[in-house]
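The values are calculated or read from the model by the stated rules, or taken from the named source; none is laboratory data. Since the model is a prediction, treat every value here as computed from it, not as a measurement. No Cβ is skipped: glycine too gets one built from the backbone with ideal geometry, and neighbour counts run over all protein chains shown. When the accessible area is computed, the model is the full protein with side chains, heavy atoms only, and any ligands, DNA or RNA have been set aside. Shrake-Rupley method; radii C 1.70, N 1.55, O 1.52, S 1.80 Å.
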Amino acid sequence: MSFSTISVIGLGYIGLPTAAAFASRQKHVVGVDISSRAVDTINRGEIHIVEPELGSVVKAAVEGGFLRATTQPEEADAFLIAVPTPFKGEHEPDMKYVQAAAESIAPVLRKGNLVILESTSPVGSTEQMAQWLAALRPDLSFPQQAGDDADINIAYCPERVLPGQVMVELIKNDRVVGGMTAVCSARASELYYIFLEGECVVTNARTAEMCKLTENSFRDVNIAFANELSLICADQEINVWELIRLANRHPRVNILQPGPGVGGHCIAVDPWFIVAQNPQQARLIRTAREVNDYKPHWVLDRVKATVADCLAASGKRASELKIACFGLAFKPNIDDLRESPAMEITHQIAQWNSGETLVVEPNIHQLPESLASHCKLIAIDEALAQADVLVMLVDHAPFKAIEASAVQQTWIVDTKGVWR
Ligand SMILES: NC(=O)c1ccc[n+]([C@@H]2O[C@H](COP(=O)([O-])OP(=O)(O)OC[C@H]3O[C@@H](n4cnc5c(N)ncnc54)[C@H](O)[C@@H]3O)[C@@H](O)[C@H]2O)c1
């Protein structure tokens, strides 16, 4: 059966672009979100998140009558679930949003439906979701009961798009499709090929779940290696960026760049899902998380030591000192401050500093509430003219373009090697 109506549950950074991609291929898409603000915004043809090219696609889809948002699930041919999967307590995955989403679609499921879980989830989550649905709909058969003959097909298909390039990567990237049965995988692939130009690579649900977690853990472990080198090099008085540049001249070595820590809501979260399920085996993955989580604390200690040196050399009082932090976002050239180590470090500096804390972040117009009362948002030139101590936290393009001669300060903590 082909798909004429598609429902996307959760209209955030992943769900809304996916809904818009189907709608742009003239499929009728019903987007569902518990946030009435998101629903109202989308129904006006506008967007509530920042993502290049998304606004125009959503506007055209809504005006063309192909995309509509609502807070209540309705009948459809296929359902895609893209709700948050944060962690809770001691870094255990919190599946309450996925469970709530599954419970909300159960009453409107009908024979022949396909349900796809896209949220990043621990291994076994798709089977768990199938059990939640089966418990609520004993009148329908599910893959764990009837295999390929089930009334409802279920698959896990993770998302691997890069924020800032979602509308391109959603269509071009290859996609891992993990059906609970071969028929589930085939139907899920058929659904994605409505807009996908990349390839659907078929596997089972558990492997697909682990694949997503593996991709982000791979990144985390490799960044941790670079971050650990930066600590070692600081002790050994070696320039870590020069070291990495030299080591990468080896034909089979490709070390990533160190930074102030690891942020965002994926790489800093997803490896914990593997650790939570495999505490004995996942020793490297856990250690990488700990190395990356430690880095902001180390940076703060470096800032304190640099400030002490500055005070001793300048004879100024601590209350007279100005510290300028460059960058707040969790990575270069975006405005997303969520889970950002640069934010955390700036916040800690502002709490500790008895002088003025200046912030330079060219991608925002006002400081977030948590910083607004302790810090001042200023331009690059002003910071370079006023500050005693510079702290480089994010290598935004405008920071990399600063002429070396414009930086007169002696007291610098550079976590990105911009002022090496
Ligand atoms: N953002 C990324 O770059 C990215 C990349 C790959 C994977 N993921 C994964 O995709 C999933 C979604 O992430 P996101 O960034 O889109 O999250 P998000 O917070 O931007 O959006 C999630 C949306 O789901 C809504 N929601 C929550 N519970 C709901 C429910 N029961 N019914 C309907 N809507 C509900 C929220 O209101 C929100 O609008 C997560 O598992 C995340 O780890 C995200």
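Observations, loosely collected:
- Enclosing the Cα atoms of the chain in their convex hull gives a volume equal to 157 cubic angstrom per residue.
- Amide H partners (placed H, <5 Å) of Thr203, local residues excluded: Val177, Gly178, Gly179
- Taking the charge dipole of the chain about its Cα centre, with +1 at Lys and Arg Cβ atoms and -1 at Asp and Glu Cβ atoms, the residue from Gly315, Ala329, Phe195 reaching farthest to the positive side is Gly315.
- Spin-label pair Lys88/Val253, simplified geometry with 7 Å Cα→Cβ offset, distance in nm: 4.5
- Spin-label model distance (nm) - Val201 vs Ala379, 7 Å beyond Cα toward Cβ: 4.8
- Cβ-placed point charges (K, R +1; D, E -1), dipole of the chain about Cα centre in debye, nearest 20: 360
- The residue among Gly89, Leu109, Gly124 whose Cα reaches farthest toward the positive pole of the charge dipole of the range 16-144, with charges on the beta-carbon of Lys, Arg, Asp and Glu, is Leu109.
- For the chain, built as a Gaussian network whose Cα springs stay under 10 Å, the top-fluctuating residue of Ser319, Ser119, Ser36: Ser319
- Among beta bridges that DSSP assigns inside the chain, antiparallel share in %, nearest 5: 10
- Percent of C-alpha pairs per 5 Å bin, the range 5-198, short to long: 1, 8, 17, 21, 21, 16, 9, 4, 1, 0
- Our coupling estimate for the range 366-376, obtained by passing each phi through the Karplus curve with A = 6.51, B = -1.76, C = 1.60 and θ = phi - 60°, is 9, 6, x, 3, 5, 10, 4, 7, 10, 10, 10 Hz, Gly and Pro reported as x.
- Modelled spin labels at Glu403 and Ile194, positioned 7 Å past Cα toward Cβ, are 5.5 nm from each other.
- In the range 218-414, the inverse of the mean reciprocal separation of distinct Cα atoms equals 17.8 Å; this is its Kirkwood hydrodynamic radius.
- Of Ile49, Ile349, Ile81, the one that fluctuates the most in a GNM where the chain has Cα springs shorter than 10 Å: Ile49
- Computed over all pairs of different Cα atoms, the Kirkwood value for the hydrodynamic radius of the range 143-259 is 17.1 Å.
- When only alpha carbons are used to place a centre, the range 38-70 and the range 213-282 end up 37 Å from one another.
- Only helical runs count toward this figure. For the chain, summing -39,500 (n - 2.57) over DSSP H runs of n ≥ 4 and dividing by all residues gives -13000 deg cm²/dmol at 222 nm.
- Cβ charges +1 (Lys, Arg) and -1 (Asp, Glu), total dipole of the range 218-414, debye: 480
- With the whole protein complex present, Met210 retains an accessible surface near 70 Å², based on a 1.4 Å probe.
- As a calculated quantity, the FRET efficiency between Ser354 and Gln165 at R0 = 56 Å, using C-beta atoms, amounts to about 0.85.
- Packing rank of 377-384, 101-108, where each peptide gets the mean count of other beta carbons within 10 Å, highest leading: 101-108, 377-384
- Pairwise FRET efficiency - Glu103 versus Gln386, Cβ, R0 = 56 Å, nearest 0.05: 0.55
- Long-range HN-HN contacts of Leu377 with modeled amide H, under 5 Å: Val359
- Solvent exposure of the range 263-417, expressed per residue, is 47 Å² of accessible area, with all protein chains present and a 1.4 angstrom probe.
- Within the shell of other residues whose beta carbon sits under 13 angstrom from the beta carbon of Val123, the net charge comes to -1, with Lys and Arg scored +1 and Asp and Glu -1.
- Length released on extending from Asp148 to Lys304, taking residue separation times 0.36 nm less the Cα-Cα span: 49.9 nm
- The range 254-264 - phi-based ³J(HN,Hα) in whole Hz, Karplus 6.51/-1.76/1.60, Gly and Pro as x: 9, 7, 7, 8, x, x, x, x, 10, x, x
- 3J(HN,Hα) along the range 133-148: 5, 5, 5, 8, 10, x, 6, 10, 9, 10, x, 5, 9, 10, x, 5 Hz, from the Karplus curve 6.51 cos²θ - 1.76 cosθ + 1.60 with θ = phi - 60°, whole Hz, x for Gly and Pro.
- At full extension, Glu369 and Leu136 could sit 79.6 nm farther apart than now, given 0.36 nm per residue minus the alpha carbon distance.
- Protection proxy ranking, peptides 17-23, 6-12, 234-240, average beta carbon neighbours within 10 Å, highest first: 17-23, 6-12, 234-240
- Selected from Thr41, Thr85, Thr70 as most flexible by GNM, with the chain as the system and alpha-carbon contacts under 10 Å: Thr41
- Of Lys212/Lys295; Lys322/Lys376; Lys295/Lys331; Lys316/Lys400; Lys295/Lys400; Lys295/Lys316, pairs whose Cα-Cα distance is over 18 Å: Lys212/Lys295; Lys316/Lys400; Lys295/Lys400; Lys295/Lys316
- Residues with amide H under 5 Å from that of Ile9, placed H, sequence gap 5 or more: Val32, Leu80, Ile81, Ala82
- Based on every Cα atom in the range 46-104, Rg and the maximum pairwise Cα distance Dmax equal 15.3, 46 Å.
- Dipole axis of the chain (+1 Lys, Arg; -1 Asp, Glu on Cβ), positive-most option in Pro260, Thr70, Ala60: Pro260
- With every protein chain in place, the chain: carbon and sulfur % of accessible area (1.4 Å): 51
- With the gyration tensor restricted to C-alpha atoms of the range 172-239, the semi-axes of the equivalent ellipsoid amount to 40, 13, 5 Å, longest first.
- Whole-angstrom gap from the range 182-202 to the range 302-349, using each part's C-alpha centre: 47
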